[in-house]
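Engineer: Okay, handing you the structure first.
Here, each number is a calculation from the coordinates, and none is a lab measurement. This one's a predicted model, so the numbers in the text were calculated from it and none came from an experiment. Please note: Cβ atoms are built from the backbone with ideal geometry, for glycine as well, and neighbour counts cover all protein chains shown.
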Amino acid sequence: MKFLKRLVISLMIIIILIVAVIIFWGYNMYKDAVQEVSVSSKVETIRNSTNYTKLIDISQDFKNAIVAVEDHRFYKHSGIDIITTTRSMINNISQKDIIAGGSTITQQIGRIMYFTQEQRFTRKVAELFVAFDLEDKYEKDDILELYINKIYYGNGYYGIYEASKGYYNKLPKDLTLDEASMLAGIPNAPSVYAPTKNPELAKKRQANVLLAMEKYEYITKEQRLEIIENKN
């Protein structure tokens, strides 16, 4: 019993030390990044980009779809979703690699602003610190607006304006629920879900987006089924 107790304590100490080192390295990565270019400067660069679209000029269906499928607790958390993050961390640690994201919209835009897509625990920690900065300095709608304007929608389209015009020849404010739910599904894996590349996979992904919208009460079951039936 004493041996087992010592073993458990030793393992706990090792885990704590490993976590502390990862947090230390991640924080240093974050500090180096924001010292080189501040968060506010990065935000202004995005806002000054060509075709940047204000949230008020984007279809409500699209905004609902993005939140439903990417981060349904977006307006409730402070940059990190503890439940989703804890679940993904357990999966990642068990696999000794980052196989599940669990990133909030705020974390995702923080990563896009500063870091590569390389799956590293230290990068995930650095991303968290940027997310806290964003949540401290900006309103939720500001963060969602940045995200929608910066993410990649496949087929060479960056930002909702390019995606809306490129796929449907429409302004973002004129997207229908069908179009909005299709576009909202692409950023998860643009090379896979772009409708010009894989129409069938894009439709399957859209069906998942619509299910999320129904689950979180943005649309009714009848609205979801109407779109699905029209696709067949």
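Engineer: Expressed as a whole number of Å, what is the distance separating the alpha-carbon centroids of the stretch 167-232 and the stretch 121-145?
Structural biologist: The stretch 121-145 and the stretch 167-232 have Cα centres spaced 27 Å from each other.
Engineer: Can you list residues whose amide H is under 5 Å from S59's amide H, if they're 5+ apart or on another chain and H is modeled 1.01 Å from N?
Structural biologist: K173, D174, L175
Engineer: Here is a follow-up. How big is D for the chain, in µm² s⁻¹ as a whole number, if Stokes-Einstein is applied with the Kirkwood radius of its Cα pairs at 10 °C and 1.306 mPa s?
Structural biologist: Approximately 83 µm²/s, per Stokes-Einstein.
Engineer: Neighbouring Cβ atoms within 10 Å as the yardstick, rank L55, L183, L134 fewest first.
Structural biologist: By the 10 Å Cβ count, ascending, the order reads L55, L134, L183.
Engineer: Quick check: residue separation of L17 and S191 times 0.36 nm, minus the Cα distance between them. What number comes out in nm?
Structural biologist: 58.8 nm
Engineer: What is the order of K231, K170, fewest Cβ neighbours within 10 Å to most?
Structural biologist: Neighbour counts put them in this order, fewest first: K231, K170.
Engineer: Which of S59, G185, I22 sits farthest toward the positive end of the charge dipole of the chain, with +1 on the Cβ of Lys and Arg and -1 on the Cβ of Asp and Glu?
Structural biologist: It is I22.
Engineer: For the stretch 143-154, what does the Karplus curve 6.51 cos²θ - 1.76 cosθ + 1.60, with θ = phi - 60°, yield as ³J(HN,Hα) per residue in whole Hz, taken in order and with x for Gly and Pro?
Structural biologist: Working through the residues one at a time gives 5, 4, 4, 4, 4, 4, 7, 10, 5, 9, 10, x Hz.
Engineer: Sort S40, S181 so the one with the fewest other Cβ atoms within 10 Å of its own Cβ comes first.
Structural biologist: Ranked by crowding around the Cβ, least crowded first: S40, S181.
Engineer: Each label point is 7 Å from the Cα along the Cα-to-Cβ direction; what then is the distance between the points at D141 and Y216, in nm?
Structural biologist: The answer from the label model is 1.8 nm.
Engineer: By its C-alpha gyration tensor, with a ≥ b ≥ c as the square roots of the eigenvalues, how is the stretch 108-195 shaped: rounded for a/c under 1.5, else prolate for a/b larger than b/c, else oblate?
Structural biologist: Oblate, since a/c reaches 1.5 and b/c is not below a/b.
Engineer: Filter K42/K63; K170/K203; K150/K173; K124/K165; K124/K203 down to the pairs with a C-alpha to C-alpha distance above 24 Å, please.
Structural biologist: In this structure, K124/K165; K124/K203 lie more than 24 Å apart at Cα.
Engineer: Please turn the phi angles of the stretch 204-218 into ³J(HN,Hα) values with the Karplus equation 6.51 cos²θ - 1.76 cosθ + 1.60 (θ = phi - 60°), one per residue in order, whole Hz, x for glycine and proline.
Structural biologist: Taking θ as phi minus 60°, the curve returns 5, 5, 4, 4, 5, 4, 5, 4, 5, 5, 5, 4, 9, 6, 8 Hz for the stretch 204-218.
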